[in-house]
Amino acid sequence: MVNAIQRATTYVPKGGVGKTTSTAHIAVSAHNDHGLDTLLIDLAGTQNDLATQFGLADDVRDPDAPISAVFSENWSFIRENIDNVFERMVFETDEGPDLIPADNGLGAEDNNLANVPRENRYDRLERFITDEVAPRYDLVLLDLPGKEDNITINGLFAAENVIAPLKPGEFERKQLENLQRELAAIRDDGDHDAQPMLQLVFATMVDSTTNLADEFTNVLAEEYPKISGPPISESANIGNEQANGRTLFALSDDELYDTGRRAREAYRQLTTSLLERLEAR
Ligand SMILES: Nc1ncnc2c1ncn2[C@@H]1O[C@H](COP(=O)(O)OP(=O)(O)O)[C@@H](O)[C@H]1O
Ligand SMILES: [Mg+2]
């Protein structure tokens, strides 16, 4: 098969649930444990962005080939006239995956897309991935904004496979139902053939000393038996290592707390399940 790249995106229409952290850890596990050439594309661009997670915040500050250009009217001109434009977008991390960072132009491109006819609005990232990413990588993972905007819908169309990390709490089940409804509405919209599906759900920042977390994990397993995975423990290692520009995979066992080792192992299992789901699709 020519275009056998696997694609997935984290998405929950909410911030602070562990989307960026999960995207990074799943990417590193896919690279380390499954030998996949993996590209991360950051379309979320918030404070805790993927560049910071990998210690690249200073390097990516003013990219000369920003990902936002892919969403603009000028993209085909840029692609044809700027040498090595794709290579100039990509940064190598120390942990295996490559990264295309977010840039400040994404907000403006989101606004511009609102003026583009619907049938030309949502396929821009899909075309970029097919033309530029698929020939070079085995797996592409996206990190999307925590709200449904035009960039997000481009991401859902392009990736089709959705990973939903959820922080346990009383509204999370409702959110998952809303997310399912949102994806169904996108699938049913007749203008296109994109079929975004939920492929992996799991609890994040789980405090193992409370029942709430256990209950929530059990509910997920019951309601989503095929796509639910192990919970990620709350661990101080995660934030500390993000501040150092690393994931948990960059540390040895004895440098981690129990919680950190558990979180890392759960991310490994989640990655294996995700890749099985992607293969099966
Ligand atoms: N398992 C975890 N344990 C402790 N802190 C976590 C964990 N996962 C994420 N965090 C922290 O929670 C915050 C939000 O996580 P982040 O991945 O940025 O969420 P999102 O991308 O959904 O906004 C960050 O400060 C991150 O360091
Ligand atoms: Mg984020």
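The values are calculated or read from the model by the stated rules, or taken from the named source; none is laboratory data. What you see is a predicted model, and the numbers here were worked out from it, not measured in a lab. Don't worry about glycine lacking a Cβ; one is built from the backbone with ideal geometry, like all the others, and counts go over all protein chains shown. Note: areas computed on protein heavy atoms with side chains; ligands, DNA, RNA excluded. Shrake-Rupley method; radii C 1.70, N 1.55, O 1.52, S 1.80 Å.
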Residue by residue through the stretch 104-119, note down the ones that are open to solvent by 20 Å² or more (accessible area, probe 1.4 Å) and either of a type in the set (A, V, I, L, M) or on the phi > 0 side of the Ramachandran plot (or both).
A108, A114
If a residue must be under 15 Å from D58 (Cβ atoms) and either surrounded by fewer than 18 Cβ atoms within 10 Å (Cβ to Cβ) or in contact with a His (Cβ under 7 Å, 6 or more places away or on another chain) (or both), how many such residues does the stretch 92-103 contain?
2
What are the pairs with Cβ atoms under 7 angstrom where one residue, in the stretch 25-53, is open to solvent by 60 Å² or more (accessible area, probe 1.4 Å) and the other, located anywhere, is within 9 Å of ligand 1 (Cβ to nearest atom) and in a strand (DSSP E or B)? Sequence gap at least six, or different chains.
none
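Residue-by-condition table, conditions (1) at pLDDT 95 or above; (2) within 13 Å of ligand 2 (Cβ to nearest atom):
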| site | (1), (2) |
| --- | --- |
| A4 | no, no |
| G15 | no, yes |
| A51 | yes, yes |
| G55 | yes, no |
Considering only the stretch 149-180, state which residues are within 16 Å of ligand 2 (Cβ to nearest atom) and more than 19 Å from L200 (Cα to Cα).
D149, I151
Looking at the stretch 251-281 only, could you name the residues that are under 15 Å from E241 (Cα atoms) and either among the small types (G, A, S) or in contact with a helix residue (DSSP H, G or I) (Cβ under 9 Å, 6 or more places away or on another chain) (or both)?
L251, S252, D253, E255, L256, Y257, T259, G260, R261, A263, R264
Let me spell it out: the conditions are (1) of a type in the set (S, T, Y); (2) within 27 Å of G239 (Cα to Cα); (3) at pLDDT 95 or above, and T130 meets all of them except one. Which number is the exception?
(2)
If Y122 satisfies every condition in (1) crowded, with 23+ Cβ neighbours inside 10 Å; (2) farther than 18 Å from D191 by Cα; (3) away from ligand 1 (no atom under 16 Å from the Cβ) but one, which is the exception?
(2)
Cβ-Cβ below 7 Å, separation at least six or inter-chain, first residue in the stretch 154-168 and under 23 Å from E234 (Cβ atoms), second open to solvent by 10 Å² or more (accessible area, probe 1.4 Å) and aliphatic (A, V, I, L, M): which pairs?
A164/L198; K167/M205; P168/V206; P168/L212
Residue ID - farthest from R277 (Cα to Cα), chosen from residues in the stretch 130-151 that are in contact with a Gly (Cβ under 9 Å, 6 or more places away or on another chain) and open to solvent by less than 10 Å² (accessible area, probe 1.4 Å):
I151
Spot the failing condition for I163; the list is (1) touching a strand residue (DSSP E or B) at 6+ places or on another chain (Cβ under 6 Å); (2) surrounded by fewer than 22 Cβ atoms within 10 Å (Cβ to Cβ); (3) under 17 Å from D42 (Cα atoms), and only one is missed.
(2)
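Of all residues in the stretch 17-46, how many are part of a loop (DSSP other than H, G, I, E, B), away from ligand 2 (no atom under 13 Å from the Cβ) and among the aliphatic types (A, V, I, L, M)?
The number of residues fulfilling the criteria is 1.
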